[in-house]
Amino acid sequence: MKDLGAYRPLDYFQLMEVSLRELLVEKGVVSEDAIAGAMAAMRERGPERGAAMAARAWLDPAYKARMLADGSQAAEELGFEVPGLRLIVVENTPRTHNVIVCTLCSCYPRMLLGLPPEWYKSKPYRSRVVREPRKVLAEFGLKVSPKVAIRVHDSNADMRYMVLPMRPAGTDGWAEERLAALVTRDSLIGVAIPVLPKKPKTRKS
Amino acid sequence: MIERGHHDMGGLPAGKVRRTEHAYDDWELRVDAMMMLLIGVVGGSKRMTVDELRKNVEALPPADYDKMGYYDRWVISLTQTMIQRGVITTDELARKLAEVEERGRG
Amino acid sequence: MVEARYRPGDRVRVRKAAPLGHVRTPFYIRGYAGVVERVCGAFANPEELAQQRDGLPAQPLYRVRFRQQDVWPGYRGNPADVLELEVFQHWLEGS
């Protein structure tokens, strides 16, 4: 019996990926360079663009109004290339909290937030957040007051959604970059809100 | 029941959300990249629509849909779509799968 | 493109139907009535695009707002809680 050494059989799906890619490259349908380029772009994308848009909106009411009217244009205004994205930004207020889901698959504003988290694509989230948003948000550690209305947005067709969280108290005078650092991916989906970082404990001397 | 797609799960009972995060493996990013290229979001390789991708994911048998990872579903769907579109044939795929698997043993 | 029949504020009902093929109107909302929140524009029909057809003429797509308490029996939450999703015109009837 041959010693297979480091051989780890590919599982069926990885085998399929290699096979599909090789066939497509052989046929000139895609190139390895193009694949590598697209991979690099998605690998390095986090929620920074979405966070930048939120911070700008907090500082500039005119930008915020433009963003709420046309999210894609507002993204492009900040220099973000968002081909084909039709973005609607929904604003959290003291009376309204927004949360985003795609019940049918996993539609997500990838160009602004990066690849979606596993839980966003999962059965429990997709099934339950449309029906019992308060309970699901509580599971994320976010308690929404019964006095606040929840708007759940199911991105089931051509539009994509992002939440504009409320600017946290205690951030007066903060620079745009510092504000953007408060805006997490989860707050842009609506399962969290931005919080100020905890003050580091002073060391006892 | 056939009248409700297995993927069409809004409002159905389910367990707690497990807040799993996932660092994407290279092979998954390659599937993602092929999808972006083939549906024409980037580059000049448009051969299909995202709607076909979704349709073929939705066509997976329910038990497989549940067991498969996200990119497992996508790679199967992309490959099915390429066969449907005539970009590749079943026979080409069969031979390539065998070749790749054999190479792995080498 | 097909002309938009509804405007923001119009009350509309999602048709109750269970066809085959690729559908982007979720099962949970079929048969329910809501209010048009905005007209999103007109888009090629995904049901047709999924079948390698061009999906034209483009169909108006609406965001429709539903009260949660109207959609889910025994919904417990703020009566102002809503569910908003996109519905193509051919899935809507006036209400």
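The values are calculated or read from the model by the stated rules, or taken from the named source; none is laboratory data. What you see is a predicted model, and the numbers here were worked out from it, not measured in a lab. Methodologically, a virtual Cβ is constructed for each residue, glycine included, from the backbone with ideal geometry; neighbour enumeration extends over all protein chains shown.
Couple of notes before you dig in:
- All positions within region C:66-87 that are modelled with pLDDT under 95 and facing another protein chain (nearest Cβ under 7 Å): C:77
- You will find that of B:54, B:105, the residue that is basic (Lys, Arg), more than 30 Å from residue A:129 (Cα to Cα) and facing chain A (nearest Cβ under 9 Å) is B:105 and no other.
- Residue B:41 passes every criterion in (1) within 28 Å of residue B:87 (Cα to Cα); (2) in contact with a helix residue (DSSP H, G or I) (Cβ under 7 Å, 6 or more places away or on another chain); (3) within 7 Å of chain A (Cβ to nearest Cβ); (4) free of Cβ contacts under 8 Å to residues at least 12 places away in the same chain apart from (2).
- Residue B:47 vs. criteria touching a residue at least 40 places away in the same chain (Cβ under 8 Å), surrounded by 18 or more Cβ atoms within 10 Å (Cβ to Cβ) and at the interface with chain A (Cβ under 9 Å from one of its Cβ atoms): yes
- Region A:73-101: number of residues that are without any contact (Cβ under 8 Å) to a residue 24 or more places away in the chain and within 14 Å of chain B (Cβ to nearest Cβ): 1
- Restricted to strands (runs of 3 or more DSSP E) entirely inside chain C, those with at least 2 residues that are without any contact (Cβ under 8 Å) to a residue 60 or more places away in the chain and within 11 Å of the chain's Cα centre (by Cα) are C:33-43, C:59-67, C:82-88.
- Given (1) at pLDDT 95 or above; (2) in a loop (DSSP other than H, G, I, E, B), index of the condition residue B:20 fails: (1)
- Verdict on residue B:60 being part of a loop (DSSP other than H, G, I, E, B), more than 9 Å from chain A (Cβ to nearest Cβ) and either within 30 Å of residue C:71 (Cα to Cα) or aliphatic (A, V, I, L, M) (or both): yes
- Of all the numbered requirements in (1) within 15 Å of residue A:12 (Cα to Cα); (2) touching a His at 6+ places or on another chain (Cβ under 9 Å); (3) not polar (S, T, N, Q), residue B:72 misses one, and that requirement is (2).
- Against the numbered list (1) surrounded by 20 or more Cβ atoms within 10 Å (Cβ to Cβ); (2) closer than 30 Å to residue A:192 by Cβ, residue B:69 comes up short only at (1).
- Residues (surrounded by 22 or more Cβ atoms within 10 Å (Cβ to Cβ), touching a strand residue (DSSP E or B) at 6+ places or on another chain (Cβ under 6 Å) and more than 18 Å from residue A:50 (Cα to Cα)) located in region A:83-106: A:103
- Matching residues in region B:9-35 - criterion: being of a type in the set (Gly, Ala, Ser) and either more than 7 Å from chain A (Cβ to nearest Cβ) or within 24 Å of residue B:79 (Cβ to Cβ) (or both): B:23, B:33
- Residue within region B:5-14 that is assigned to a helix (DSSP H, G or I) and crowded, with 19+ Cβ neighbours inside 10 Å present: no
- Region B:75-94, residues that are part of a helix (DSSP H, G or I) and either in contact (Cβ under 8 Å) with a residue 60 or more places away in the chain or more than 9 Å from every other protein chain (Cβ to nearest Cβ) (or both): B:77, B:80, B:81, B:83, B:90, B:91, B:94
One line per residue, one yes/no per condition, for (1) at negative phi; (2) of a type in the set (D, E, K, R):
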| site | (1), (2) |
| --- | --- |
| B:30 | yes, yes |
| B:40 | no, no |
| B:72 | yes, yes |
| B:76 | yes, no |
| B:104 | yes, no |
